[in-house]
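The values are calculated or read from the model by the stated rules, or taken from the named source; none is laboratory data. Since we're looking at a predicted model, the values are computed, not measured. Cβ: placed from backbone, ideal geometry, glycine included. Neighbour counts: every protein chain shown.
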Amino acid sequence: MSPLLFAVYTCIDAIVRKIEQSGYGCKIHGLLAGCILYAGDMILLAQTSHDMQFKLDTCQSEIVALDLQFNVS
């Protein structure tokens, strides 16, 4: 199970890094929070709809490149 979990972590980490590098997010107590992960879920935070669309597009392109899919249900 460890190799599978590491592969999933590596994929998610790539997405999070791209989002962090964008600089888009919400400041909470002076810290930039743009993406929160918990138990397989991802929460995207943005100040504007433009910023959110950028994040969604970034996630979508990474997911397609990794041949994965989002579960939106």
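If the condition is being out of contact with any Gly (no Cβ under 7 Å at 6 or more places or on another chain) and of a type in the set (A, V, I, L, M), then the stretch 45-73 contributes Met52, Leu56, Ile63, Val64, Ala65, Leu66, Leu68, Val72. Restricting to the stretch 12-34, name every residue that is touching a strand residue (DSSP E or B) at 6+ places or on another chain (Cβ under 6 Å) and of a type in the set (Gly, Ala, Ser). Correct list: Gly25, Ala33. Restricting the stretch 59-73 to residues that are within 12 Å of Met42 (Cβ to Cβ) and among the β-branched types (Val, Ile, Thr), the residue that is surrounded by the fewest Cβ atoms within 10 Å (Cβ to Cβ) is Val72. Candidates Gly30, Gly40: the one that is modelled with pLDDT of 80 or more and at positive phi is Gly30.
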